[in-house]
Amino acid sequence: MAGNPRAAKGKKGPSKGTGGLGRKALEGKGPTPKAEDRPYHKAYRSKELSERSAAKRPTNSRARTTGRSRASEEMVTGRNSVVEALRAGIPAKALHVAVRIEVDDRVKEALKLAAERGIPLMETHKPELDRMTDDAVHQGLALQIPPYDYADAIDLAQDIADKSRKGYINNAPLIVALDGITDPRNLGAIIRSVSAFSGHAVVVPERRSVGVTASAWKTSAGAAVRVPVARAANLNRALEAFKGMGYFVLGLDGDGDVSLPELAVATDPVCLVVGSEGKGLSRLVRENCDQIVSIPIDSAMESLNASMAVGISLYEISRQRAATARA
């Protein structure tokens, strides 16, 4: 027995009949849980707050059926940007303010403007604000802009034409359609010009085109409240439909059939189409126009900014209409 190591007293190691308990002890307790899964860690608290906030938000069934998600709602972030957006009267769904935010004059003004306009104030934890703004520099303030409610281009054009025939609007229908314009500031400036010269609507294509964003709202200087913006699933089909309603579709281009001062159909229902400054009108849109109109400019200047070209053209159409009314 003296030569048997298992019988030796004080000898360490597994003995017969342990059932593998020694091996299990050596396996340990598995990998360390993530920080957000450990109840004593601050990341766990942040995760809980985010989940509770998400659970409180109502489900948007329309977003599911149309393919739109909450991401379509724009967030204006940063103290200066939020204050400027509120000053410009941009429609807002809520003003999110960080918990324990360090208050300065900009925060005070943002809170005051939101209260005056009846915009709900939402006290939001920083991790949730980071998530909502895709980690943008928000400085504790984020203004939630709801998606713009676009009209249907063909339905809106028909409604304008019907109101004109019934005498509900004083001047002939006037619509501006955009082809390939992607800068929201251009859209905002065009909306402003349409409002200034008694136009009735702006039409944008559904794809590869600018939309009504916070920047467009701001540039329009409030005119976006008065001038509806409609979307066309297919701009060329919409233009064909407009012609069937009695609109003259006029394309703006440097190489035009007629110079703007010689335009003969200004007093009729008009849809004015403008392309981007670089590419101009696309081939199919150009072919769908009844006439291509050019603005006479100095030969040293190749082209005009889209919003400037629209403003000049709308002024001339408005001038001709006023002269005809006086005659």
Next on the checklist: Condition check: touching a Lys or Arg at 6+ places or on another chain (Cβ under 8 Å) and either small (Gly, Ala, Ser) or at pLDDT 90 or above (or both). Does ARG68 satisfy that?
Outcome noted: no
Item to check | Failed condition for ALA161, given (1) part of a helix (DSSP H, G or I); (2) out of contact with any Pro (no Cβ under 6 Å at 6 or more places or on another chain) | outcome: (2)
Item to check | Top-ranked residue in segment 193-208 [being of a type outside the set (A, V, I, L, M) and free of Cβ contacts under 8 Å to residues at least 60 places away in the same chain; ranked as surrounded by the fewest Cβ atoms within 10 Å (Cβ to Cβ)] | outcome: ARG208
Next on the checklist: Take the residues in segment 264-287 that are under 14 Å from ILE175 (Cβ atoms) and not hydrophobic (A, V, I, L, M, F, W, C); name whichever of them is nearest to the chain's Cα centre (by Cα).
Outcome noted: PRO269
Checklist entry - Would a scan of segment 222-239 turn up a residue that is without any contact (Cβ under 8 Å) to a residue 60 or more places away in the chain, part of a strand (DSSP E or B) and out of contact with any Phe, Trp or Tyr (no Cβ under 7 Å at 6 or more places or on another chain)? => result no
Next on the checklist: I'm trying to understand the selection: among the residues of segment 157-201, which are at pLDDT below 95, within 18 Å of ASN288 (Cβ to Cβ) and not aliphatic (A, V, I, L, M)?
Outcome noted: ASP179, GLY180
Checklist entry - When you go through (1) under 20 Å from ALA172 (Cβ atoms); (2) in contact (Cβ under 8 Å) with a residue 24 or more places away in the chain one by one for SER303, which number turns out not to apply? => result (1)
Next on the checklist: Looking only at residues that are over 20 Å from GLU262 (Cβ atoms), among the acidic types (Asp, Glu) and assigned to a loop (DSSP other than H, G, I, E, B) in segment 273-326, which one is modelled with the lowest pLDDT?
Outcome noted: GLU302
Checklist outcome for this item: Within segment 240-262, of all residues that are modelled with pLDDT under 90 and in a loop (DSSP other than H, G, I, E, B), the one surrounded by the fewest Cβ atoms within 10 Å (Cβ to Cβ) is ASP255
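The values are calculated or read from the model by the stated rules, or taken from the named source; none is laboratory data. From a predicted model like this one, the values you see are computed outputs, not experimental measurements. Virtual Cβ from ideal backbone geometry, glycine too; neighbours counted across all protein chains shown.
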